[in-house]
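For reference, the structure discussed in these notes is given below.
The values are calculated or read from the model by the stated rules, or taken from the named source; none is laboratory data. Remember, predicted model here, so these are calculated numbers, not experimental data. For neighbour counting, all protein chains shown are included, and Cβ atoms are generated from backbone atoms with ideal geometry for every residue, glycine included.
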Amino acid sequence: MVKKIVVIGGGASGFFAAINLAKALPDAAITLLEKSNQLLSKVRVSGGGRCNVTHAEFDPKELSVNYPRGEREFLGPFHYFAPGDTIAWFADRGIELKIEDDGRMFPTSDSSQTIIDCFLNEAKEYGVEIKLSAEVTSIVKEDGFLINCKNGSSYVADKVVVGIGGNPKLKHYELLNVLGHSILPPTPSLFTFNLPKHPSNQLMGLSFPVSVRLVGTDFEESGPLLFTHWGMSGPAILKLSAKAALLLFKKSYQFDFEVSWLDDAASFIQLKRKQQGASSLSKSKITEMSQRLWEYLVDRAKISKSVNWADLTKVQIEVLEQVLNRDTYTANGKTTFKEEFVTSGGIELSQINLKRMESKIVSGLHFCGEVMNVDAVTGGFNFQAAWTSAFLVSEAIASDLQ
């Protein structure tokens, strides 16, 4: 009798599970159900349309620290399928990935369509049946499984894989809650810090490497900060938002944070006064910093740009040092990327056998990707968790059914 496997979710993790299952089990019937009319939507928009496939961190222990939720639990899975395995998987299919200076990895084509085409070709080659506009309304566990869809269709399966991604709405997880799984409330995990009508909004598009710390906490991250027309973003902010997601949710996204523009502001000011005392502040900036950003920071210190370094008063020196070292802002809200949203929350990892990505409550029910309570900082790490969990699902089911 032909074994039947239904994969729910046509995103990154679900699709990766389906094509790996189809290759491993050529005699099985693999059906992929996607509730919308579009496949791999996050893959398409990731990395500005280039698809940030993974990150060049090849030590599982170092890799796992990038997961605020799932660091300890995914250490084992990352020993089994890590970025090196992802690179090899795509290389076997003729797709080369390149490493950028910050460790992010993209296809050399710089196009997410390369990844999408690869997946679609694999699905076609190995006979994955794809059903669009097939929103699942219930999963019933009998001898096997019965999956019912909103469009009136239904499917029977020996195994079910759920890769429906994360979602800020609890309703998204009702299918699994009904089956007895505990759901940790979803909260946004990657978001920018809003500064409505703040003078810094005029610096939109400028970027500079900084350290950012949440006032009154130990949460701190470093990396490029990007000014937007609504606040601050960039890797430093996004990483911090992921690490402190639950705390900032509890604060209703009203909080203070400090930006350190310079590691040792006191030494910088002292050196400028000694070597360029006769020069005005406006003509003697931090070397790597844009003139616009430098003048903005001098304005933050309430010092005239025409003042010479040697003429700074003691109070002005103290204020400038504080601005360069601990520039404090009050965030008022957040902005998430609607197409690329990442959430913390989902199925409690304690209810999953993470060696097999299988439910401990319902045998034969497997999970992959963000439907579980696992999420990462920005940089390709969320996709890596998707590939890792999906591959482990395919290995476990193939081992059961072969």
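Exactly one residue out of Ala17, Ala29, Ala12 is over 17 Å from Ser112 (Cα atoms), among the hydrophobic types (A, V, I, L, M, F, W, C) and either crowded, with 24+ Cβ neighbours inside 10 Å or in contact with a helix residue (DSSP H, G or I) (Cβ under 7 Å, 6 or more places away or on another chain) (or both), and it is Ala17.
Checking each residue in segment 119-137 for being surrounded by fewer than 20 Cβ atoms within 10 Å (Cβ to Cβ), outside any strand (DSSP E or B), out of contact with any Pro (no Cβ under 9 Å at 6 or more places or on another chain) and not hydroxyl-bearing (Ser, Thr, Tyr) picks out Leu120, Asn121, Glu122, Lys124, Glu125, Leu132, Glu135.
If you go through segment 138-156 and keep only what is charged (D, E, K, R) and surrounded by 13 or more Cβ atoms within 10 Å (Cβ to Cβ), you end up with just Lys141. Mind checking whether some residue in segment 86-98 is among the polar types (S, T, N, Q) and modelled with pLDDT of 95 or more? Within segment 86-98 (the criterion being among the polar types (S, T, N, Q) and modelled with pLDDT of 95 or more), the answer is yes, since at least one residue qualifies. Checking each residue in segment 201-227 for being among the polar types (S, T, N, Q) and in contact with a strand residue (DSSP E or B) (Cβ under 6 Å, 6 or more places away or on another chain) picks out Ser207, Ser211, Ser222. Applying a threshold of 7 Å to beta carbon distances and a minimum spacing of six or more residues, or different chains, the list of pairs starting in segment 123-144 at a residue that is assigned by TED's automatic domain parsing to the domain that holds Ser36 and farther than 20 Å from Leu21 by Cβ and ending at one that is at pLDDT 95 or above and buried (at least 18 other Cβ atoms within 10 Å of the Cβ) reads Glu135/Lys35; Glu135/Cys149; Thr137/Cys149. Among the residues of segment 156-187, those that are among the β-branched types (Val, Ile, Thr) and closer than 15 Å to His366 by Cα comprise Val160, Val161, Val162, Ile164. Across segment 228-250, not a single residue is classified as surrounded by fewer than 18 Cβ atoms within 10 Å (Cβ to Cβ), at pLDDT 95 or above and in contact with a strand residue (DSSP E or B) (Cβ under 6 Å, 6 or more places away or on another chain).
As a summary of the residue check, Leu195 satisfies the conditions (1) over 22 Å from Gly9 (Cα atoms); (2) of a type in the set (A, V, I, L, M); (3) in the same structural domain as Phe383 (by TED's automatic domain parsing); (4) surrounded by 13 or more Cβ atoms within 10 Å (Cβ to Cβ) except for the one numbered (3). If you check Leu297, Leu262, Leu293, which single one turns out to be of a type in the set (A, V, I, L, M) and without any contact (Cβ under 8 Å) to a residue 40 or more places away in the chain? Within the list Leu297, Leu262, Leu293, the selection yields Leu297.
Scanning segment 372-395 for residues that are in contact with a strand residue (DSSP E or B) (Cβ under 6 Å, 6 or more places away or on another chain) and farther than 30 Å from Leu226 by Cβ yields one hit, Val393.
Looking across segment 1-51 at every residue that is in contact (Cβ under 8 Å) with a residue 60 or more places away in the chain and of a type in the set (D, E, K, R), the one that is nearest to Lys150 (Cα to Cα) is identified as Lys35. From the list Ser363, Ser359, the lone residue that is of a type in the set (Ser, Thr, Tyr), without any contact (Cβ under 8 Å) to a residue 40 or more places away in the chain and in the same structural domain as Leu25 (by TED's automatic domain parsing) is Ser363.
You will find that of Asn52, Asn66, the residue that is in a loop (DSSP other than H, G, I, E, B), in contact with a Lys or Arg (Cβ under 6 Å, 6 or more places away or on another chain), surrounded by 20 or more Cβ atoms within 10 Å (Cβ to Cβ) and in the same structural domain as Leu175 (by TED's automatic domain parsing) is Asn52 and no other.
Pairs linking a residue in segment 76-91 that is without any contact (Cβ under 8 Å) to a residue 60 or more places away in the chain to a residue that is in a loop (DSSP other than H, G, I, E, B) and among the aromatic types (Phe, Trp, Tyr), with Cβ atoms under 9 Å and 6 or more positions apart or on different chains, are Gly84/Phe58.
The test for being crowded, with 22+ Cβ neighbours inside 10 Å, at pLDDT below 95, assigned by TED's automatic domain parsing to the domain that holds Asn151 and of a type in the set (S, T, N, Q) holds for Ser46. Considered as a group, the residues in segment 285-296 that are in contact with a Lys or Arg (Cβ under 9 Å, 6 or more places away or on another chain) and buried (at least 17 other Cβ atoms within 10 Å of the Cβ) include one that is nearest to Pro199 (Cα to Cα), and that residue is Leu293.
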